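Notes for the one structure printed next.
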Amino acid sequence: MSVSYYDILNVSYTANIEDIKNSYRVMAKRYHPDISSSENASTIFKLIVQAYQTLGNTESKEVYDKKFFESNLVFEDGRGYIKFPKKRIHYASSLKNLAQSGMLARGQAKRKHRLKSFGYDISLSLTKTEHRRGVAVRLSLPAKGTCYVCYGMDQYCYLCDGLGIYSSTDDLDFLIPPNTPNNKIFDIDLRKHPPPTKFSYFTLSNLTVWVKVMDQP
Ligand SMILES: [Zn+2]
């Protein structure tokens with residue numbers, strides 16, 4: 001994940017314009033080329049100004065956020081976001097089957113059927129507070145990995161039975177930005193967001209996540 005304007009201004013993703021303005025003042029002072037002794041001060045200062053020109057204005061911030069949150073789904077620490085509880089993540093039943101069976105062909109057939117009948121893989125019901133503040137979600141998705149024990153060379157391999165590939169699950173972390181519209185469906189390109197485990201890939205190529213807002217607070 002590349003460095004965002006939020007990182008440059010040293011604020012959380014949920015920071016409001018006032019927080020952004022305050023942090024900008026501090027950062028601009030620290031890296032002002034006339035003051036700072038840092039070798040790269042003028043480059044950093046330019047970046048800080050550029051970041052502030054975008055995030056310090058409601059309209060340009062909105063445009064930036066839309067692009068940023070949809071293209072950088074993977075987060076490292078979910079800065080400032082509420083962690084979404086695992087027990088409220090609802091996986092479509094066929095996604096669960098896919099994770100258990102580990103059979104790609106069967107999974108694909110089921111997936112086609114599912115897309116017709118449900119139209120999403122995962123649904124999340126947000127409380128009003130979660131909706132207002134945004135949530136960080138850690139999903140567990142079916143994945144496959146190249147066998148690092150035998151590389152497919154051992155038919156008695158405990159991990160892959162000699163197939164060279166084993167089925168497992170892996171994590172996908174993503175952020176639902178504050179005030180995401182009710183009933184929004186995120187379509188995530190999993191090819192662009194590989195699992196954190198080396199030599200592993202998600203079984204599905206894309207994932208749809210349906211975000212609902214609950215009536216109670
Ligand atoms: Zn093996």
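Converting phi to 3J(HN,Hα) with the Karplus coefficients 6.51, -1.76 and 1.60 and the offset θ = phi - 60°, the stretch 49-61 yields 5, 4, 4, 5, 4, 7, 7, x, 10, 3, 5, 5, 5 Hz in sequence order, with x at every glycine or proline. Approximating the spin labels as points 7 Å out from Cα along Cα→Cβ, the E62-to-N183 distance works out to 2.1 nm. Ordered by the number of other Cβ atoms lying within 10 Å of each residue's own Cβ, fewest first, F199, F45 fall into the sequence F199, F45.
Between F199 and K86, the C-beta separation translates, for a Förster distance of 22 Å, into a calculated FRET efficiency of about 0.30. For P181, neighbours were defined as the other residues whose beta-carbon sits under 12 Å from its Cβ, and their charges (Lys and Arg +1, Asp and Glu -1) total +3. Karplus-derived 3J(HN,Hα) values for the stretch 126-139, using 6.51 cos²θ - 1.76 cosθ + 1.60 with θ = phi - 60°, are 8, 6, 4, 5, 4, 5, 5, 9, x, 10, 9, 10, 10, 9 Hz; glycine and proline are entered as x.
For M214 and H32, a Förster radius of 35 Å and the Cβ-Cβ distance give a FRET efficiency of 0.15, rounded to the nearest 0.05.
May I ask you to compute the full-extension gain from T129 to Y151, defined as 0.36 nm times their residue separation minus their alpha-carbon distance, rounded to one decimal in nm? Numbers along the way, then the final one.
On the way: separation 22, 0.36 × 22 = 7.92 nm, distance 4.75 nm.
In short, 3.2 nm is gained.
Between S93 and Q53, the simple label model (points 7 Å from Cα in the Cβ direction) yields a spacing of 5.5 nm.
Assuming R0 = 45 Å, can you tell me the calculated FRET efficiency for the pair K192 and D19, based on Cβ-Cβ distance, to the nearest 0.05?
Values: r = 30 Å, r/R0 = 0.66.
So the FRET efficiency works out to roughly 0.90.
Every number in this text was worked out from the coordinates using simple rules, so none of it is lab data. These figures come from a predicted structure and were not determined experimentally. All Cβ positions, even for glycine, are placed from backbone atoms using ideal geometry, and neighbour counts span all protein chains on display.
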